[in-house]
Structure formats: structure tokens, C-alpha cells
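Just below is one structure, and these are the notes that go with it.
The values are calculated or read from the model by the stated rules, or taken from the named source; none is laboratory data. Keep in mind that this is a model prediction, so the values were computed, not measured. Neighbour counts are summed over all protein chains in view; Cβ atoms, including those assigned to glycine, are modelled from backbone coordinates with ideal geometry.
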Amino acid sequence: MKKILLILSREYRLRLRRPSFWVLTLLVPLLLAALYALPVMAANRNARQAEVLVVDETGLFERSLRSSDELSFRRMPSLDYAHDHMADDSRIAAILYIPARETTIPRDAFLYHRSSEPPLALQQSIAAQLQMLLRNAILEDVYGLDPEVYRSVANTDIKLHTRDAATGHESFARVKGVLAAVLAVLMVLALVVFGVQVMRSVQEEKSTRVAEVVAASVHPVQLMVGKISGVALTAITQLVLWVLLATAAIGAIQRANPDLFAQAREQQTARTLATKGTDATAQYNTSVTLVDETVQGLTAINLPLVAGVFLAFFLLGYLLYGALLAALAARLDSDADALQWVLLTLSPLLVTLMLIPLLVPDPDGTLAQWLTLVPFSAPAAVVLRLPFGISTMQLIVSALLLLLAFLAAALLAARTYRRNLVR
């Protein structure tokens, strides 16, 4: 046991002294907090209103175009006059020119802009308004229909709310699907990064022939357990620091925007209770933005449980792949051959990522359950299913199979280490 602790301590201190460890420890939580804050910032930003000059030779659009907080229209008598006006005023974003045609229905409209093209959202907003006004003119003048009546029929919609029958809580499948994909990608990246660290450690000792001296005085199993545990302790340290720093950063974002998150929680509660009568009618008429849905979905997920299961399966998955990659490093001499074998060893995780489009729509399907039970794909498959809910029994069975696979891989790695480094 003392020898294992000595090897573990050496591996742990060696990695904590590297500047890259601390750089990544600080940058990753800031990146996660930034990704979390982007929707909030996008929802609360005050966009500068863009002004568009309108030259309408048909007379169908200029008086009906509607201004908004992001876009305003101003009528111009001619195209040349509008060009001169835009040259003198930097606040004007573009000129909308609708030429007259022999037919009563215009077919073309032109948006003249400066050297920098106007945002795509502005172009789409203008095109949508022109399309709507042209349709209304055709309905009213050609067919004698009231555009408002047509609009009320065309905009008819029904909202399908997916809820748990026992709790009545909203499912938020879209938010859970995005979170599941993010967790799976993070799991695979973490396993690759820290697994390759074990492999490089073995390669360095092999190239400097230090491994021969160590392996001659230490049992191979002790050597492998100490080396893998040392890198595992480094990984856990970094993950814990990431969680703490990311939690602090996200908490700061929530304190800076208390109204947004309080409103999201109130809306989540209201969607659980409002099932009939006037409350349900008001709920139907209240529009839910993507930001609101994201915040409500995240508050509905047991994030501490997700973080705990993620950490546990990362540790088990790392132990398995760390042992396999250590055995590869001891067996192979060529870096090119090692890279090919690394890709082959990690292929179950990569295949699981490729199957995300099939697994997210059916997280409780047969394929997802088999991938959960196969030790080589279990770390990615479990966290992929976790936001949707996974039974405790499946988690326990998957963890036990992963542990058994690690023990077998550790014995294989120890034998390979002894056979190839001590001759």
C-alpha cells in the first residue's frame, strides 16, 4: 500500500505543478458561465433601432410597413433622393426600393445597403412584412376577403404540453435533449483527455527507461493502480474545481438577473397548476421565449443529482479506459500505431456520440439500454439518458459492470506492463 501511495503522490504532484492544469481549471468554468449567460444577455440586450428608407412606386406597401423597436421606416419620394439622404446620415441602414411593374402584383423588391451588409434578421423582417402586405392586398382586392379573418384562421394553433402523469411537471424535452448531448460530449472529452495523460505518462517512463527500474522493485499491479489513481485524483480535483467555480460564476449571473430566474420559476409552477379555466386560457395566450423555456427546463432538472452521477461514471469510465490506454502505451513502440489503436479503443464512446440523434428521441429504447449496460459505452450512454430519467437499478448494474471491466483491464495492463518493460 505504501508503494501505491508513493506512485500516486508522484503522479498527482507532477500534474499539479504544470501551468496547463491551472490554466484549464480557470478557463473552463468561465467558458461554461459565458455559455450559460449568453441567452440571458441576448434576451436583455437593447438593440439599436435601424432605419430603412422606403421608395415604393407601387403605393401598396409604404403606408402599411410597421416599425418596431429594432426597425423603423421612412418614406422617400425617389430613389436618387434616398441615396443622397443615406450618404448624409450614418444612422440609415438601407434603402427599400419597390419598382412599379406593368402587372398589378409586384414581383421584386430591392434592399440597397452600405458597404456592410445589414443583419440577416433585418432582411428577414422586411421580407416577411412585404409578403404579408402583398397577400393581404390580393385577398382584399382580388378575392374580396377580409385579411383579419384570414389571419385568424391561418394562425390557428394548438399547444401540446408533455407532462409527467404522476407529478404534472412539464417535460421540457428540447432542453433535456440539448443538456444530454452536452453532457455526453463533455464526458467523452474528459475521458479522452485524462486517459491520454495516463498513456503519455507510461510512454515517457518507457522512453527514459525509468519504468524498468520502477517495475523491477514494484509489483505491476501496484504500479498500474498507483499511476491510474494519481491521474484520477488529478482529474477529480480539476472537475471539483470546475464545478465550484462554475457554480460560483452561474450564481453571480443569477444574482445579477434575479427577475429573470424568479419569473422562470413562477412560470414553471404555474404550468404545473394551470390545467383548466381562466388560468389555462391565460397560460395559452402567454408566449414563452426560448430563454424562458431554457431557464424553466434547467430549474426542473435535478442538477446536483446529474453532477453526482456524471462524476461517478466519469471516474469509473476513466479507470477502465486509463488501464486500457496504459496497456497500449506499454505494448506499442510507434506513435503512429498508438494513435490508431487509441481511436480503436475509444471507438465505443465515439459511436455513442454519433448515435445521439437516435438516442435523444428515444432515451428509454432498447438501443439506449444496451449501450448503458455495455461497459465501454456506458459512461457516455448513462449521462446521455440522465436528464430524461434513468432507473436506479440500471445505474447500479451499469456501475458494477464498469467496475468489473476495470478490474479485468487493470490485470491485463499490469501483465502487459511487466512483460514489455521488464526484460
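Remarks
- Residue check for Pro375: in a loop (DSSP other than H, G, I, E, B) and touching a residue at least 24 places away in the same chain (Cβ under 8 Å): yes
- Annotation: of all residues in the range 386-413 being surrounded by 22 or more Cβ atoms within 10 Å (Cβ to Cβ) and over 12 Å from Leu324 (Cβ atoms), the one that is nearest to the chain's Cα centre (by Cα) is Pro387.
- When residues of the range 139-172 are limited to those that are in a helix (DSSP H, G or I) and surrounded by 15 or more Cβ atoms within 10 Å (Cβ to Cβ), the one modelled with the highest pLDDT: Leu139
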